[in-house]
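Each reported figure results from applying straightforward, stated rules to the coordinates on display, with no laboratory input. Given the structure is predicted, the values throughout are model-derived calculations rather than measurements. Virtual Cβ from ideal backbone geometry, glycine too; neighbours counted across all protein chains shown.
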C-alpha cells in the first residue's frame, strides 16, 4: 500500500484511501508501522466508505503504534465519516479534529 503522505516535523499525515474496508484493512494496518514517524494523522476527507473492518483496522493500528510510543489522530470535515466515528464511539478512542493543522498541533 502506498498512500499520499505529508511530513510536519515529527508527525506524518496519511491521506486514507477512497475505501477503507475489508479489501484494504490488513494492508492498511501493516502499512502504518512502516512509516518513518510513529505520530500519525489520518486524513479521512477523501474516504467515501468505511466499514467495520476499516474501523477495526484503525484501532489495530492505534494499538500497534501506542506499543512503540506512537499515536494516531484523525481529521475529517466529512459529516458522514464524523457520524460513523461518533456512532461507533471511535471518537472516544481516537482524537478527531476538523483540520489537519489542528491534528498535527495536538502532538506538541
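Numbers below:
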quantity	calculated
Distance between modelled label sites at residue 6 and residue 48, nm, 7 Å Cα→Cβ extension	2.2
DSSP beta bridges in segment 5-105 [antiparallel fraction, %, rounded to 5]	20
Difference of contour (0.36 nm per residue) and Cα-Cα distance, residue 60 to residue 19	13.0 nm
Extension gain, residue 36 back to residue 106 (0.36 nm per residue minus Cα-Cα distance, nm)	23.3 nm
Label selected from (1) 2, 13, 26, 29, 21, 8, 1; (2) 2, 11, 19, 20, 13, 11, 11, 8, 4, 1, 0; (3) 2, 11, 17, 17, 9, 5, 4, 5, 9, 8, 8, 5, 0, the criterion being P(r) over Cα pairs in 5 Å bins from 0, in percent as computed here	(1)
